[in-house]
Amino acid sequence: MAINVREDYSLKNLNTFGIDVSARYFIEVSNLYEINQVFEDSRFLKCSKLILGGGSNVLFTKNVDGLVIKNAIKGIELVDEDEEHYFVKANAGEVWHQLVMYCIEHNYAGLENLSLIPGCVGASPMQNIGAYGMELKDSFKELEAWNIKDKFIQKFNKDECKFGYRESVFKRELRDQYLITSVTLKLNKKPNYNINYGALEKELEAMGIQDLSISAISKAVCAIRNSKLPNPSEIGNAGSFFKNPEVKRSNLEDMKTEFPNIVGYELENGNFKLAAGWLIEQCGWKGKTIGDAGVHKLQALVLVNYANARGSELLDLSNQIIKSVNTKFGVELEREVNIY
Ligand code: FAD
Ligand code: NAP
């Protein structure tokens, strides 16, 4: 069957910032056969290609003069188990939170702290999604991806993905070279609860939870997220716009003399992670708006589109924030959101 190619297609409803841009060509793929067809199609051989999931971690600053491929390959399956684990394979077009809910319903433990992260399964390895002290890599077994240049499906194990803090090989060395088609997770039969994040512990207490469970943790995470984060269907945003910067212990000590309240969390490598939201807030950005672009009033790490901001306006705002944080703290913020 011929693939359905749309031309000059609006992406406004396909990115959570709600930026009004269009794609020269747009195609939705639901299986490997369609992927193969797209990459064999002579019309697109020389075209730039952008893979889109839920559009919750992208900022479009201009129309896309190429082909946007929306990944809609569905399916979740228990593929194996051993004494301690379940192995669940989820196709890339599944909504991440639906996968988390599926695992909780079946009592497969490991994803509960990652509840309610927007987007699709296929994008989850891109930045090794993380929240409340857990990351994708903690439950990751392997993924399958379409090699765009050589046109075949390739497997990547955990080491090959080079996961780091909001990082992977697909965001760096192999950027734009693969279309991730599925992710296989290694989930626990016996839960290994992680409620070290203060807010999570407090929420569980407020909920009156006596017997901890993966379902209770998921509910607590959802409650906190719903109370703190702007809902993209109400206010355009892509979650944290910047990554939390890492500094050496000596840098943190120096900063503490001038800013005694600075927040730093020790990392495994002995460095410290600074809360970027706090740095931005100290520079006076929290709640500020420039036109329709703004810094969220409850969480300074989240940039928002209040109505009809252009992507370039949000990018300009992010540049101003980077500059002022650098001037005040001597720390260079790095964007987490993918700019196009
Ligand atoms: P998209 O935005 O569509 O794509 C993101 C990037 O991945 C793009 O570069 C795209 O080209 C690439 N990509 C997408 N799919 C594929 C594929 N199949 N193969 C190859 N490349 C692909 N992130 C966190 O880590 N933790 C959080 O707690 C969190 N909270 C958020 C809260 C809100 C309110 C919002 C709006 C965002 C939040 N995010 C968070 C960011 C975002 O949800 C994640 O990064 C998510 O994984 C993005 O998924 P997506 O499908 O929307 O990706
Ligand atoms: P928060 O709880 O207000 O904490 C602020 C920052 O401090 C977070 O970024 C977090 O780093 C860090 N932090 C807090 N407690 C920590 C602890 N016990 N140990 C180590 N680091 C700690 O953050 P929030 O904005 O409400 O977000 C809550 C969680 O959801 C965080 O994990 C955050 O990453 C995640 N989240 C991510 C996005 C995104 O788009 N990436 C958007 C919303 C929420 P970490 O960010 O490294 O965890």
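The values are calculated or read from the model by the stated rules, or taken from the named source; none is laboratory data. None of the values given here were measured: they were computed from a predicted structure. Cβ atoms come from the backbone with ideal geometry, glycine included; neighbour counts cover every protein chain shown. Heavy atoms of the whole protein, side chains included, go into the accessibility calculation; ligands, DNA and RNA do not. Shrake-Rupley method; radii C 1.70, N 1.55, O 1.52, S 1.80 Å.
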* Asked: Once all Cα-Cα distances of segment 76-188 are split into 10 Å bins that start at 0, what whole-number percent is in each one?
  -> 15, 51, 29, 5
* Asked: Which of the residue pairs Lys155/Lys273; Lys190/Lys228; Lys12/Lys149; Lys49/Lys155; Lys141/Lys189 have a Cα-Cα distance greater than 25 Å in the structure shown?
  -> Lys155/Lys273; Lys190/Lys228; Lys12/Lys149
* Asked: Relative contact order, percent, of segment 76-188 when contacts are C-alpha pairs under 8 Å separated by at least 6 residues?
  -> 32
* **Arg24 accessible area, 1.4 Å probe, all protein chains in place, Å² to nearest 10** => 80
* Asked: Using Cα pairs under 8 angstrom and six or more residues apart, how large is the relative contact order of the chain, in percent?
  -> 16
* Using bins 10 angstrom wide from zero, how does P(r) for segment 235-307 break down, in % of all Cα pairs? -> 20, 42, 25, 12, 0
* **Cβ-derived FRET efficiency at R0 56 Å, Glu81 paired with Ser312, nearest 0.05** => 0.70
* **Cα-based convex hull volume of segment 1-53 per residue, rounded to whole Å³** => 88
* Sequence-distant or interchain residues sharing an amide H contact under 5 Å with Lys70, placed H: which? -> Ile27, Glu28, Val29, Leu52
* Rough spin-label spacing in nm, given labels placed 7 Å along Cα→Cβ, for Ile209 and Asn4 -> 4.1
* Asked: For segment 1-107, which chymotrypsin sites (Phe, Trp or Tyr not before Pro) are in a loop by DSSP, counting at most 14 other Cβ atoms within 10 Å?
  -> none
* To do: Can you tell me the FRET efficiency between Glu173 and Asp65 if r is taken as the Cβ-Cβ distance and R0 is 22 Å, rounded to the nearest 0.05?
  => 0.35
* Would you calculate a helix-derived [θ] at 222 nm for the chain, using -39,500 (n - 2.57) for each DSSP H run of n ≥ 4 and dividing by the full residue count, to the nearest 500? => -7500 deg cm²/dmol
* To do: State the percent of C-alpha pairs, over all pairs in the chain, separated by a distance greater than 25 angstrom.
  => 56
* Asked: Whole-Hz Karplus ³J(HN,Hα) for segment 88-104, in order, using 6.51 cos²θ - 1.76 cosθ + 1.60 and θ = phi - 60°, x for Gly and Pro?
  -> 10, 9, 10, 6, 4, x, 5, 6, 3, 5, 5, 5, 4, 5, 4, 5, 5
* To do: May I ask you to give the percent of accessible area on the chain that is carbon plus sulfur, with a probe radius of 1.4 Å?
  => 45
* Send over the per residue convex hull volume for segment 292-340, Cα only, as a whole number of Å³. => 79
* Using mean Cβ contacts within 10 Å as the protection proxy, how do 219-230, 129-140 order, highest first? -> 129-140, 219-230
* Asked: Hey, what do the phi angles of segment 141-153 turn into as Karplus ³J(HN,Hα) couplings, whole Hz, using 6.51/-1.76/1.60 and θ = phi - 60°, x for Gly and Pro?
  -> 9, 6, 9, 10, 9, 7, 7, 5, 6, 9, 6, 8, 8
* **Charge dipole (debye, nearest 20) of the chain; +1 at Cβ of Lys and Arg, -1 at Cβ of Asp and Glu** => 840
